[in-house]
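Working notes, beginning with the structure itself.
The values are calculated or read from the model by the stated rules, or taken from the named source; none is laboratory data. Given the structure is predicted, the values throughout are model-derived calculations rather than measurements. Please note: Cβ atoms are built from the backbone with ideal geometry, for glycine as well, and neighbour counts cover all protein chains shown.
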Amino acid sequence: MSMTEVSHLAELLERSVATYPNNEVFGTRAPDGTWTYITYKQFGELVDAFRGGLASLGIGAGDRVAVISDNRTEWAVGAYATYGLGAVYVPMYQKQNPKDWKYILDDCSAKVLLVANAEVAGLAASLTDEVASLERIVDFEAADGYQALLEEGRANPVAASDPGSSSLCGLIYTSGTTGNPKGVQLSHGNICSNVNAVMGVFPMLQTDRSLSFLPWAHSFGQTVELHCGLSFGASMAICDDVNQLVPYLSEVRPSVLYSVPRVFNKIYDSINKKLAAAPEKRQKLFATALAVAGKKRDLEDQGKSSLMVNLKHWIFDRLVFSKIRDLLGGNLRYAFSGGAAISKEVAEFIDSMGITVYEGYGLSETSPIATANFPGSRRIGSVGRAIPGVEIIIDVGAVDGAEGDQGEILIKGPNVMQGYHNLPEKTEEVMREDGAFRSGDLGRIDDDGFLYITGRIKEQYKLENGKYVVPAPLEEQLKLSGYINQALVFGDNKLHNVALFVPDVDALTAWASSEGLSGELTDWLATEEVRSLYQGELDRYQQDVFKGFEKIKNFRFIEEEFSTDNDMLTPTMKLKRRNVIKAYQSLLDGLYE
């Protein structure tokens, strides 16, 4: 339904509660596997009550309310109650280093801290003494915490104020692959410009449902799923365990998925593994079905269609692809991918299953959407065109080693942040005088205005022969192998590239068993058979995609996964390249001996 644009988030909620009072909004799962949803009206009442509760703690315009919690109804209640007081919401991750929590609370001068449960409350308990501004910790699950504040607010209600479009609504601390997190200052107008643009170009329905597993603490999950979902009157089933994603999909039966490439890669990988174990007849059937889906897509890209291709596709869709969609709940119509570039191969594969993937691009600093594919404007492999009101500029001369029409991506529009909190010099580094934000990403725009991301400028390095390498897209390509869980490509100032592989333990275990190898993972990784298996995978996945100078000439295995616990991944699952290289420098150097 078409609506007038919203100017601040308190207005967004007020309008959605009035328009969709009886729609379901947040679903939570009980231990017995049943899902219970609250309505928009009930959510609005909780926000009203908690707003009064926060006001009773002295929270007013400009104050900082921080939260350490995974996605849950209380997280959203806290956010919208904060917005209605003209205060600023500052989310952190449950799986974040407590020293980062302290840094963020200090940096933003948080007055109240909301926490998920007793465990987080225990870890954060000392912070009231260590952070001068912090007055109170509120536990979502404690009787004298969240519930008590709801009661207080019901007894002493406080009306929502109009914070205005230009006032800050949140600080999103970018986890950063180096140094301390930076607080991205986003105004109500920044985020609402994104919501308004999405409402203008995407025909989402109030009957749509997502399975919410991307953290709302990150700008992609927060803006695209939470705020945009609420603006459409849609519902969100909150995933309490990412490892249960596939079983939850069949329980919740979502129609839309907000995801990052890693999840699509896993779906791609698991379907391919099942196929590899299937009879040859079924493999051939699947290959033919994929080829027909590809032909249909190629014709559509040229604005054409064929009755025969459409008929064949309809048959294969019923025979093959509908069975796969059933594994994902049976209702999935489309998926939004962001956070990193999805491989074209994976996007086409998911698309062939009858699930339309709309890939977009942006950063926390751009609220986050800058470009997106949307109905009637979609090109697989690209991250779409600039959303309404936003301009993309390619600064071609800005980057050493950038070839042809590539350059740094600059973003201009009402979605660009107000700056980094307390960091004027860092803000100056990324903001051009005309208000364009320097993304730090390499890209190019085709003749039709579609943007293609080619890598992160800071991550590119120069080989000894003077050629520049951007490693992340190469790593994503290698991870398409079912046997490679994680990869690091390295070659800074060296003659050629090498790689570290974290094996996919399940896939390798199954292979070792079929080959009759004895022992366990450490033993297998030392064998010539496994070395040869991985050499074959490497040859296959780099063959037509890597340029000659990018090819990997040697590799080693490491058994420990890159994770947030060992400080090799950020909370948003980006590789902390510097930390990995530092930890494995001698192993990498050994690959050149």
Handout entry: GLY376 vs. criteria touching a helix residue (DSSP H, G or I) at 6+ places or on another chain (Cβ under 9 Å), within 25 Å of GLN302 (Cβ to Cβ) and surrounded by fewer than 19 Cβ atoms within 10 Å (Cβ to Cβ)
Key = yes
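Table: residues versus (1) farther than 20 Å from LYS41 by Cα; (2) assigned by TED's automatic domain parsing to the domain that holds SER16; (3) surrounded by fewer than 24 Cβ atoms within 10 Å (Cβ to Cβ).
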{"site": "GLY62", "(1), (2), (3)": "yes, yes, yes"}
{"site": "ALA66", "(1), (2), (3)": "yes, yes, no"}
{"site": "GLY78", "(1), (2), (3)": "no, yes, no"}
{"site": "ALA81", "(1), (2), (3)": "no, yes, no"}
{"site": "VAL88", "(1), (2), (3)": "yes, yes, no"}
{"site": "TYR93", "(1), (2), (3)": "yes, yes, yes"}
{"site": "ASP100", "(1), (2), (3)": "yes, yes, yes"}
Handout entry: Selection status of PRO503, in the same structural domain as ARG577 (by TED's automatic domain parsing), touching a strand residue (DSSP E or B) at 6+ places or on another chain (Cβ under 8 Å), modelled with pLDDT under 95 and not hydroxyl-bearing (Ser, Thr, Tyr)
Key = no
Practice task
Output yes when any residue across region 359-373 is closer than 15 Å to PHE336 by Cα, touching a residue at least 40 places away in the same chain (Cβ under 8 Å), in contact with a helix residue (DSSP H, G or I) (Cβ under 7 Å, 6 or more places away or on another chain) and not basic (Lys, Arg), and no when none is.
Solution key: yes
Handout entry: Matching residues in region 285-324 - criterion: being under 21 Å from GLU345 (Cα atoms) and not in a helix (DSSP H, G or I)
Key = GLN302
Problem - Verdict on THR128 being at pLDDT below 95, assigned by TED's automatic domain parsing to the domain that holds GLN185 and among the β-branched types (Val, Ile, Thr) - result: yes
Practice task
Tell me, yes or no, whether region 161-172 has at least one residue that is more than 22 Å from GLY60 (Cβ to Cβ) and either part of a loop (DSSP other than H, G, I, E, B) or outside the structural domain of ALA79 (by TED's automatic domain parsing) (or both).
Solution key: no
Exercise for the section: Looking for whichever is more than 23 Å from SER219 (Cα to Cα) and not polar (S, T, N, Q) here; the options are ALA87, ALA79, ALA55. Which one fits? Expected result: ALA55
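Yes/no per residue for (1) modelled with pLDDT of 95 or more; (2) surrounded by fewer than 19 Cβ atoms within 10 Å (Cβ to Cβ); (3) at positive phi; (4) among the basic types (Lys, Arg):
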| position | (1), (2), (3), (4) |
| --- | --- |
| GLN418 | yes, yes, no, no |
| LEU423 | yes, yes, no, no |
| ARG456 | no, no, no, yes |
| GLN460 | no, no, no, no |
Problem - Selection status of LEU205, surrounded by fewer than 24 Cβ atoms within 10 Å (Cβ to Cβ) and either of a type in the set (Asp, Glu) or not in a helix (DSSP H, G or I) (or both) - result: yes
Completion exercise
When restricted to GLU45, GLU74, GLU14, the only residue of a type in the set (Asp, Glu), assigned by TED's automatic domain parsing to the domain that holds GLU152 and in contact with a helix residue (DSSP H, G or I) (Cβ under 7 Å, 6 or more places away or on another chain) is GLU74
Practice task
Please find, among GLY339, GLY329, the residue that is in contact with a Ser or Thr (Cβ under 6 Å, 6 or more places away or on another chain), small (Gly, Ala, Ser) and in a loop (DSSP other than H, G, I, E, B).
Solution key: GLY329
Problem - Unmet requirement for VAL309, which otherwise passes all of (1) on the phi < 0 side of the Ramachandran plot; (2) surrounded by fewer than 20 Cβ atoms within 10 Å (Cβ to Cβ); (3) modelled with pLDDT under 95 - result: (3)
Problem - Residues of region 204-222 classified as within 16 Å of the chain's Cα centre (by Cα), at pLDDT below 95 and of a type in the set (A, V, I, L, M), total - result: 1
Practice task
Could you identify the single residue in GLY354, GLY362 that is within 25 Å of ASP405 (Cβ to Cβ) and in the same structural domain as ASP405 (by TED's automatic domain parsing)?
Solution key: GLY362
Problem - Test for VAL201: is it modelled with pLDDT under 95 and not assigned by TED's automatic domain parsing to the domain that holds ASN422 - result: yes
Problem - Segments classed as helices (runs of 4 or more DSSP H), wholly inside region 1-114, with at least 2 members that are in contact with a strand residue (DSSP E or B) (Cβ under 8 Å, 6 or more places away or on another chain) and farther than 27 Å from MET199 by Cβ - result: 98-108
Practice task
Among what's in region 110-168 and is charged (D, E, K, R) and over 22 Å from THR73 (Cβ atoms), pick the residue that is farthest from the chain's Cα centre (by Cα).
Solution key: ASP129
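Conditions tested, residue by residue: (1) in contact with a strand residue (DSSP E or B) (Cβ under 6 Å, 6 or more places away or on another chain); (2) part of a loop (DSSP other than H, G, I, E, B); (3) free of Cβ contacts under 8 Å to residues at least 40 places away in the same chain; (4) closer than 26 Å to GLU391 by Cβ.
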residue	(1), (2), (3), (4)
GLY200	no, no, no, yes
LEU211	yes, no, no, no
ALA237	yes, no, no, no
VAL246	no, no, no, no
SER250	no, no, no, no
ASN265	no, no, no, no
SER270	no, no, yes, no
LYS273	no, no, no, no
GLN283	no, no, yes, no
Completion exercise
Note: among CYS169, CYS239, just one is surrounded by 24 or more Cβ atoms within 10 Å (Cβ to Cβ) and either of a type in the set (A, V, I, L, M, F, W, C) or over 30 Å from ASN566 (Cβ atoms) (or both), namely CYS169
Fill in the blank from the handout: Counting only residues in region 318-333 that are over 16 Å from LEU275 (Cα atoms) and crowded, with 18+ Cβ neighbours inside 10 Å, the one modelled with the lowest pLDDT is identified as LEU328
Exercise for the section: Answer yes or no: is there a residue in region 301-310 that is aliphatic (A, V, I, L, M), in contact with a helix residue (DSSP H, G or I) (Cβ under 6 Å, 6 or more places away or on another chain) and farther than 25 Å from GLY360 by Cα. Expected result: yes
